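Encoded as structure tokens, the structure appears first; notes follow it.
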Amino acid sequence: MAKQIKQIDIQLTTQKKEKPQQDKLGFGVHFSDHMFIMNYAADKGWHEPRIVPYQPIVLDPAAKVFHYGQTIFEGLKAFKTSDGRVLLFRPERNFARLNRSNERLGIPAIDEELALEALKALIAVDQDWIPTEAGYSLYIRPFVIATQPALGVDASTHYQFIIILSPVGNYYPEGVNPVKIYVENQYVRAVRGGIGAAKTAGNYAASLKAQETAKEKGYSQVLWLDGVHQKYIEEVGSMNVFFKINGTVYTPALSGSILDGITRSSIIQLLRHWGIPVEESVISIEDLFAAAKNGELEEAFGTGTAAVISPIGELNWQDEQVRINGGVTGEISGKLYDTLTGIQRGIIPDPFDWMIEVEI
Ligand SMILES: *Cc1c(COP(=O)(O)O)cnc(C)c1O
């Protein structure tokens, strides 16, 4: 481990930025003083891992990422506990998924141990940027871009792997309140065999238009149906989705077109630990609406790194609206939020050894 850290060259900034006010952080708009960067060339492999002052990157206008979207990303968080320790939530899962996304996009694999060591070294350098207030954290965005300047349609010969850090406030400044979700009927996000299971820009590019339209109608996010029949539930925006029906919690099975969320798998593990039945299954939107109408749909929520748990208070499908749990946060949703965020902040026990401490 120590040997690998030595491989990472560290160039410190001489001009530290002014830190934003904690109560005005927002999400992903402020960035720390440093970034990690590593290059790939077909003849050299991944090389020159280094921490440098946060700065713009200069790319040739023909760089493949701009034309063919050969790029992938990750998202995770670091937390500072009240006794000053720095914790990461299941980071090894993010780097494993980074490589699954890499593999799908034809990008060469990255040494996952080196990536984690690089992240820890970067966090140690920028540790003053980790907010301390409850609900606040340091959002971490690792990503890979194809940099070869060539317009031929094939996998790039050159890449950059970069990690940037952004102090973030509470995703919902007014507290966890249920959101209204629009079930998308016209557009689809991903199809089986496509890139829906990879964390890559193209899936988001495909989703923006529907997201805009839903916002105009007063909904905060879109619920995606499957790309073939537009019948089965997939996921919500940048979140996986769960429904509690008649005491059992259901979530769409990993079909190949949805993302394998780390929050999703943690929620499944927690529910099983509590003895609450959970099923990964195929859920049709028709059955869901039928359950809502006859009072069997007890709770619904989205899960993802940014918001952790996002209760759903209303669904709109084909101009029909259903309210869930009277539009207020359900018992399980609230308990999951409190437990997961409590584990992340180091204030309640971590029975699954999810948290990794960063030496600072
Ligand atoms: C990142 C992401 C999620 C959530 O994954 P987590 O690992 O829980 O943050 C869900 N869906 C999509 C499309 C995503 O990009």
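Listing for the model above:
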{"item": "Residue match in segment 138-156 (condition: surrounded by 22 or more Cβ atoms within 10 Å (Cβ to Cβ), away from the ligand (no atom under 16 Å from the Cβ), at pLDDT 95 or above and not in a loop (DSSP other than H, G, I, E, B))", "result": "yes"}
{"item": "Unique residue being in contact (Cβ under 8 Å) with a residue 60 or more places away in the chain, under 30 Å from ILE130 (Cα atoms) and either assigned to a helix (DSSP H, G or I) or within 16 Å of the ligand (Cβ to nearest atom) (or both) when the list is TYR171, TYR204, TYR159", "result": "TYR171"}
{"item": "Test for SER238: is it more than 19 Å from ASN94 (Cα to Cα), small (Gly, Ala, Ser) and out of contact with any Leu (no Cβ under 6 Å at 6 or more places or on another chain)", "result": "no"}
{"item": "Considering residues of segment 88-106 that are open to solvent by 10 Å² or more (accessible area, probe 1.4 Å) and among the hydrophobic types (A, V, I, L, M, F, W, C) only, the residue farthest from the ligand (Cβ to nearest atom)", "result": "LEU105"}
{"item": "Matching entry among LEU270, LEU225 (being under 19 Å from ALA306 (Cβ atoms) and within 16 Å of the ligand (Cβ to nearest atom))", "result": "LEU270"}
{"item": "Selected residue (criterion: nearest to GLU331 (Cα to Cα)) from residues of segment 235-251 that are crowded, with 21+ Cβ neighbours inside 10 Å and within 11 Å of the ligand (Cβ to nearest atom)", "result": "VAL241"}
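Per-residue answers, yes or no, for (1) more than 17 Å from ASP126 (Cβ to Cβ); (2) open to solvent by less than 40 Å² (accessible area, probe 1.4 Å); (3) assigned to a helix (DSSP H, G or I); (4) among the acidic types (Asp, Glu):
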position	(1), (2), (3), (4)
LYS16	no, no, no, no
VAL29	no, no, no, no
ILE37	no, yes, no, no
ASP43	yes, no, no, yes
PRO49	no, yes, no, no
GLN55	no, no, no, no
PHE66	yes, no, yes, no
SER82	yes, no, no, no
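The values are calculated or read from the model by the stated rules, or taken from the named source; none is laboratory data. Note that the structure is predicted; figures quoted are calculated from it, not measured. Glycine also receives a Cβ, built like all others from the backbone with ideal geometry; neighbour counts cover every protein chain displayed. Just so you know, the surface numbers come from the protein's heavy atoms only, side chains and all, with ligands and any DNA or RNA stripped out. Shrake-Rupley method; radii C 1.70, N 1.55, O 1.52, S 1.80 Å.
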